[in-house]
Amino acid sequence: MKVIVENPELVDADDEKSSGWADVMAKVLVKQGPKDAETVILGKKADAGGDEEDEETEKLDWKRRLNKKRKWETMNYSKPSVLEKDYERSLQKVATRGVVQLFNAVKKHQKQLEEKLNSVKTESKKEKVVRDVDKGKFLDMLKGDIGGAAAKNIDEEEE
């Protein structure tokens, strides 16, 4: 497979080297494979005889794992009772309120941190502000904020 060029002055030496690569690729593509094979991927690769057994064992392992997972998920499952429906609904509302309060507290904390970072001018002070933020302070803020008025009312009732 030679390339015919009208203007031989424009041809570089690199083009002649790449044409050798094209010749090799053309020979490989033209080469016929074994007659009994439908498609040839690797002509000299030996046939793998144990693939069917491996597939069967993999299938069995997969089924065992699936059964084990199903047993684990249904271990302590009980159908919801009609009598406990209101109680479950109230628990769901409490959980939803708690999650909303948590996300609001995180948002507030992030806003405060951003304000502190914007108020500080130098990079070294910004790094100090970031270092001062720790898990303990955030949890203390959560304990103080979560509940809000409801927590204060509970404290007053206890006294």
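The values are calculated or read from the model by the stated rules, or taken from the named source; none is laboratory data. Computed from a predicted model, the values in this text were never measured in an experiment. Here the Cβ positions follow ideal geometry from the backbone for every residue, glycine too, while neighbour counts run over all protein chains shown.
Exactly one of these conditions fails for VAL40: (1) at pLDDT 85 or above; (2) part of a loop (DSSP other than H, G, I, E, B); (3) surrounded by 10 or more Cβ atoms within 10 Å (Cβ to Cβ). Give me its number.
The single condition VAL40 does not satisfy is (1).
Look through region 83-135, keep the residues that are aliphatic (A, V, I, L, M) and free of Cβ contacts under 8 Å to residues at least 12 places away in the same chain, and return whichever of them is surrounded by the most Cβ atoms within 10 Å (Cβ to Cβ).
Looking at residues that are aliphatic (A, V, I, L, M) and free of Cβ contacts under 8 Å to residues at least 12 places away in the same chain, I get VAL120.
State the number of residues belonging to region 79-103 that are closer than 20 Å to LEU142 by Cα and out of contact with any helix residue (DSSP H, G or I) (no Cβ under 8 Å at 6 or more places or on another chain). Quick ask: steps written out before the conclusion?
Step one: of region 79-103, the residues closer than 20 Å to LEU142 by Cα are 93-103.
Going one step further and asking which of them are out of contact with any helix residue (DSSP H, G or I) (no Cβ under 8 Å at 6 or more places or on another chain), we end up with 93-100, 103.
Number of matching residues: 9.
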